[in-house]
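The values are calculated or read from the model by the stated rules, or taken from the named source; none is laboratory data. Please read these numbers as outputs of a predicted model, since none were measured by experiment. With ideal geometry, Cβ positions are generated from the backbone for all residues, glycine too; neighbour counts draw on all protein chains shown. Side chains included, ligands, DNA and RNA excluded: accessible areas come from the protein's heavy atoms. Shrake-Rupley method; radii C 1.70, N 1.55, O 1.52, S 1.80 Å.
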Amino acid sequence: GASVKIVSSCTCLEKLSFAGCHLVDDTTVSMMATNLTRLVELDVSGCESLSEGPLGNVIINNTSLTALNLYACRKVGNKTLRKIGATCRRLEALTISQSNKVNDKGIMQVVTGCPCLKSLHATNCKNISDDAKQLLSIQTPWVNFAF
C-alpha cells in the first residue's frame, strides 16, 4: 500500500507518523529498518500489530531518534526498551503507554541509557510498580513522568 511506497522511496525522511494506521504491520516496519536511517521522530501509536523484532531493528538503525511514540503498541515490551536504552542516546521523549509487556526493568533501561530524556509517558502499564515510579521520580527529577 501507500505506507510501503513511502518507506521504500522517501529514504531521507526525518519525521514519520503512522499514528492510528492499523494497516502498518511488521512488513512495513522491516522495510523502515532497511530504508530509513535518518529518523529523528517516529510515531507508530495505535499500530497494534507491530512486534518487537522489526521495531527493534528500526530503533537500532536510527540512533538519532529524539521522539518515539509507541502508544498502544501492545506487543512492545522490555526487549524494545532495552534497544532504546542501548542505542537512543539522544532520545528526549518516549511514550509507551498501554503496554502490559513493560515493567520496571525496561523503564530503568531507558532512563539510564537515554541521558537526554525529558519526557516519559507510561500510563496504564500495569507491570510498572509503584516503588519504581517513586524511585524514578526521586532519582531523575529532570524527567517529566506520566504513569
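A few points about this structure:
- Residue pairs whose Cβ atoms lie under 6 Å apart, separated by 6 or more positions or on different chains, with the first residue in the stretch 123-145 and more than 14 Å from Q109 (Cβ to Cβ) and open to solvent by 100 Å² or more (accessible area, probe 1.4 Å) and the second polar (S, T, N, Q) and in a loop (DSSP other than H, G, I, E, B), are K126/N100.
- Filter result for L55 (in a strand (DSSP E or B), of a type outside the set (F, W, Y) and either farther than 22 Å from G106 by Cα or open to solvent by less than 10 Å² (accessible area, probe 1.4 Å) (or both)): no
- Every residue from the stretch 5-33 that is among the β-branched types (V, I, T) and either out of contact with any helix residue (DSSP H, G or I) (no Cβ under 6 Å at 6 or more places or on another chain) or open to solvent by 50 Å² or more (accessible area, probe 1.4 Å) (or both): I6, T11, T27
- Beta carbons closer than 8 Å, at least 6 apart along the sequence or on distinct chains, pair a first residue in the stretch 1-21 that is modelled with pLDDT of 95 or more with a second that is of a type in the set (K, R) for E14/R38.
- Any hit, the stretch 34-49, residues being within 23 Å of C116 (Cβ to Cβ), assigned to a strand (DSSP E or B), of a type outside the set (S, T, N, Q) and open to solvent by 50 Å² or more (accessible area, probe 1.4 Å): yes
- Residues located in the stretch 65-91, provided they are among the charged types (D, E, K, R) and within 10 Å of the chain's Cα centre (by Cα): K83
- Scan of the stretch 108-145 for residues that are touching a strand residue (DSSP E or B) at 6+ places or on another chain (Cβ under 9 Å), of a type in the set (A, V, I, L, M, F, W, C) and at pLDDT below 95, ordered by number: L136
- The test for being open to solvent by less than 10 Å² (accessible area, probe 1.4 Å), farther than 22 Å from V143 by Cβ and in contact with an Asp or Glu (Cβ under 9 Å, 6 or more places away or on another chain) does not hold for L117.
- Screening the stretch 69-108 for residues that are among the hydrophobic types (A, V, I, L, M, F, W, C) and open to solvent by 10 Å² or more (accessible area, probe 1.4 Å) and picking the one that is farthest from F145 (Cα to Cα) gives A86.
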